[in-house]
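Here's the structure we're looking at; comments come further down.
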Amino acid sequence: MLGPVGGHHRGQSLIEFALTIGAFLVVLFGALSTALYAVQRSAAVTAAAAGARAAASAQPGKPNDPDLAAAGPLVASRLAPVRFGTSVQTRGAGVPCDALDSIPTGEFQVCSTLDPADPDMVLVVVRGRPYNLLPLVPLPWTIDAPAEIHKVTFTR
């Protein structure tokens, strides 16, 4: 016959709960970190595409020159709602991004250049390492989102 629950059984339940809650919290925070990263990556890809469209358009007064400087502010404004503490550094028009390994954690770089392989293409890249929101589960996320489009030219 089983006796009443009490005494040493309560201690066993507390130990089991302590072991279980730790694993549960790691999995929960890992999933939350992954979800936030997915939102940032999606926004970076969308922002790079919008920046490429803006950079491929013509400069005022120069209908055959792409407006590379237009990409940076547009991309930065598209990334603003999902930065989560990560800064956005807009590189000058025509200046390529640094290597991903040299970009510090908590920073995105936005670069707009002509594609070195095909100068008729405008290349906009969002590259960096988002700030880790959940230090309990430090995951080394990186984002490298390029977008390319033909530059717009006008002829008579």
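The figures follow:
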quantity	calculated
Candidate set: the range 91-118, residues that are in a loop (DSSP other than H, G, I, E, B) and of a type in the set (Gly, Ala, Ser); chosen: the one farthest from Gly128 (Cα to Cα)	Ala117
Number of the exception - Ala38 against (1) part of a loop (DSSP other than H, G, I, E, B); (2) loosely packed, with under 15 Cβ neighbours inside 10 Å	(1)
Hits in the range 97-119 (condition: closer than 22 Å to Gln40 by Cβ and surrounded by fewer than 19 Cβ atoms within 10 Å (Cβ to Cβ))	Asp98, Ala99, Leu100, Asp101, Ser102, Pro104, Thr105, Gly106, Glu107
All positions within the range 32-64 that are under 22 Å from Glu148 (Cβ atoms), of a type outside the set (Gly, Ala, Ser) and without any contact (Cβ under 8 Å) to a residue 12 or more places away in the chain	Gln59, Lys62
Val88 vs. criteria among the hydrophobic types (A, V, I, L, M, F, W, C), in contact with a strand residue (DSSP E or B) (Cβ under 7 Å, 6 or more places away or on another chain), surrounded by 14 or more Cβ atoms within 10 Å (Cβ to Cβ) and in a helix (DSSP H, G or I)	no
Meets criteria (within 30 Å of Asp118 (Cβ to Cβ) and either loosely packed, with under 15 Cβ neighbours inside 10 Å or acidic (Asp, Glu) (or both)) for Pro73	yes
Residue in the range 76-85 that is in contact with an Asp or Glu (Cβ under 6 Å, 6 or more places away or on another chain), closer than 24 Å to Thr142 by Cα and modelled with pLDDT of 90 or more present	no
Any hit, the range 111-133, residues being at negative phi, aromatic (Phe, Trp, Tyr) and touching a residue at least 60 places away in the same chain (Cβ under 8 Å)	no
Selection from the range 108-146 of residues that are hydroxyl-bearing (Ser, Thr, Tyr) and over 21 Å from Tyr37 (Cβ atoms)	Ser112, Thr113
Unique residue being within 18 Å of Ser57 (Cβ to Cβ), within 17 Å of the chain's Cα centre (by Cα) and aliphatic (A, V, I, L, M) when the list is Val124, Val152, Val88	Val124
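The values are calculated or read from the model by the stated rules, or taken from the named source; none is laboratory data. Here the structure is a predicted model, which means the values were calculated and not measured. Note: ideal-geometry Cβ built from the backbone for every residue, glycine included; neighbour counts use all protein chains shown.
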